């Protein structure tokens with residue numbers, strides 16, 4: 001999808017940036033895909049036991065690598 005340069009400049013978008021679509025009644029909005037806590041809430045399965053930050057980070061990296069294969 002091509003977004004006019006004036007809009008990319010206004011919303012600080014670069015060529016290749018991701019956007020998402022939001023529909024409301026008879027309108028479609030295109031928004032920059034910015035990661036926030038709210039936007040990723042629920043995207044990780046709950047832990048069955050407490051883990052250290054280091055272990056959680058290792059698991060996250062491993063899952064990210066596996067997802068990109």
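The values are calculated or read from the model by the stated rules, or taken from the named source; none is laboratory data. Quantities reported herein were computed from a predicted structural model and do not represent experimental measurements. Glycine also receives a Cβ, built like all others from the backbone with ideal geometry; neighbour counts cover every protein chain displayed.
Table for the structure above
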item	result
Checking residue 18 against (1) modelled with pLDDT under 85; (2) surrounded by 11 or more Cβ atoms within 10 Å (Cβ to Cβ), the condition it does not meet	(2)
Subset of the range 21-69 [over 19 Å from residue 1 (Cβ atoms), surrounded by 10 or more Cβ atoms within 10 Å (Cβ to Cβ) and at pLDDT 85 or above]	51, 55, 56, 57, 58, 59, 60, 61, 62, 63
Residue count for the range 27-67, restricted to those that are more than 15 Å from the chain's Cα centre (by Cα) and part of a loop (DSSP other than H, G, I, E, B)	8
Residues being in a loop (DSSP other than H, G, I, E, B) and either surrounded by fewer than 10 Cβ atoms within 10 Å (Cβ to Cβ) or on the phi > 0 side of the Ramachandran plot (or both) - total across the range 1-15	6
